[in-house]
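Below you'll find the structure, written out as structure tokens, and then a few comments.
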Amino acid sequence: MLRFYKKMRNFFLYICLFLLAPVGAGGKEFTLVIDPGHGGKDPGALGSIAKEKNINLAVALKVGELIAERHGDVRVIYTRRNDHFVDLDERAGIANRNKADLFISIHANALSRKDIKGTETYTLGLARTDENLQVAMRENAAILLENDYMQKYEGFNPHSTESYIIFEFMQNRHVEQSISFASQVQKEFIAARRINRGVRQAGFLVLRKTSMPSALVELGYISNAEEEHYMTSAAGQTQLSKALCEAFTRFKREYDHKQGTAKITAPTTAPTQPAARKEVYPTTDGRTVYKVQILASGRKLPAKARVLKGYSHTRYYVENGMYKYTYGETTDIMEIKAIRKKVSRDFKDAFIIAITDGEKTIVR
Ligand SMILES: [Zn+2]
């Protein structure tokens with residue numbers, strides 16, 4: 001079974017490599033997804049005059065415009081272009097479906113202490129300070145406005161410290177590039193004379209669900225009068241956008257350089273069928289196979305990993321760059337329900353998935 005998974009994964013990778021092969025003389029097109037945080041019914045942090053959602057959108061659109069002007073080979077996609085609410089997993093979904101090469105989420109920060117100001121750029125990871133955790137908690141709370149968030153985020157509670165343990169296993173393969181981009185952002189903010197609060201890590205759901213290098217930028221503190229004024233002014237927004245565009249340009253230069261030294265060539269006998277958008281699951285000849293999903297991890301876990309709690313017959317599948325671990329396998333729904341009940345003593349958020357002809361659904 002595991003070998004079959006691997007085979008399918010390799011096949012999928014093969015198709016991906018084919019799609020990644022250079023197009024035209026200018027090389028492969030680079031896809032950038034810009035995500036203006038919040039929107040619609042979710043205003044984000046509130047200043048004395050401004051709403052975070054409006055600052056995020058104004059800066060995001062400006063950055064995208066500057067980048068599109070400067071880089072003919074970059075396709076810019078926004079998760080929203082106007083004032084409406086978009087679910088966090090949909091924001092990541094837009095990036096994943098478009099096979100983005102970089103995902104930038106744009107936000108503004110807030111604290112009850114009004115004197116604190118400055119910029120921070122986050123990459124995905126386990127928060128090492130309470131302060132960073134608080135930022136992630138505030139940003140993740142956006143899911144509470146979504147329908148069905150318990151199911152969608154697998155029981156994640158944005159306000160519970162315990163929920164954030166999942167980010168301990170988030171050291172995925174994009175960490176290095178994400179940090180590299182985040183560092184460029186902070187460098188450019190320093191050049192623009194903003195106060196540098198550094199590159200940090202915390203558990204942001206929107207970053208967790210993306211499967212490419214990603215960063216979340218906090219442009220400044222809306223709770224600080226001076227920065228609120230700066231971020232709502234056209235001059236401030238332009239300066240911040242230029243800094244982000246510059247950071248992107250540096251990141252892209254490095255990216256192009258790496259692409260050049262490690263050229264990917266399309267196999268001469270490349271599969272001709274269109275690449276599957278769907279994730280690859282083993283086909284089941286029309287039968288439905290049920291499994292209990294117990295855990296998701298950013299990397300492949302060793303068989304005896306502590307988090308698997310001694311369960312030895314676990315299997316995994318890969319979805320959006322995440323390794324999803326399952327336990328049990330049966331065509332009998334009653335049997336899988338019994339297994340889930342047993343397993344939920346150790347994995348309280350365990351849920352049932354059904355696989356029919358390569359298609360996964362969550363059983364409610
Ligand atoms: Zn925000």
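The values are calculated or read from the model by the stated rules, or taken from the named source; none is laboratory data. All values reported here derive from a predicted model rather than from experimental measurement. So basically every Cβ, Gly included, is an ideal-geometry build from the backbone, and we count neighbours across all protein chains shown. Protein only, heavy atoms only, side chains kept; ligands, DNA and RNA dropped before computing areas. Shrake-Rupley method; radii C 1.70, N 1.55, O 1.52, S 1.80 Å.
Here is how the numbers come out for the structure above:
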item	result
Complete set of residues in region 278-324 that are open to solvent by less than 20 Å² (accessible area, probe 1.4 Å), at pLDDT 80 or above and closer than 13 Å to THR361 by Cα	VAL289, LYS291, VAL292, GLN293
Residue selected from region 67-124 under the condition small (Gly, Ala, Ser) and within 14 Å of the chain's Cα centre (by Cα), by the criterion nearest to GLN177 (Cα to Cα)	ALA100
Pairs, first farther than 16 Å from PHE347 by Cα and assigned to a loop (DSSP other than H, G, I, E, B) in region 293-305, second of a type outside the set (Ser, Thr, Tyr) and open to solvent by 90 Å² or more (accessible area, probe 1.4 Å), C-beta under 8 Å, six or more apart	GLY298/GLN171; ARG299/GLN171; ARG299/ARG173
Residue list for region 121-142, restricted to those being charged (D, E, K, R) and away from the ligand (no atom under 12 Å from the Cβ)	ARG128, ASP130, GLU131
Counted residues, region 121-132 - those being open to solvent by 20 Å² or more (accessible area, probe 1.4 Å) and touching a strand residue (DSSP E or B) at 6+ places or on another chain (Cβ under 6 Å)	1
Residue list for region 143-163, filter: among the hydrophobic types (A, V, I, L, M, F, W, C), within 16 Å of the ligand (Cβ to nearest atom) and open to solvent by 10 Å² or more (accessible area, probe 1.4 Å)	LEU144, LEU145
Unique match (being open to solvent by 50 Å² or more (accessible area, probe 1.4 Å) and either touching a Leu at 6+ places or on another chain (Cβ under 6 Å) or away from the ligand (no atom under 13 Å from the Cβ) (or both)) among ASN54, ASN96, ASN82	ASN82
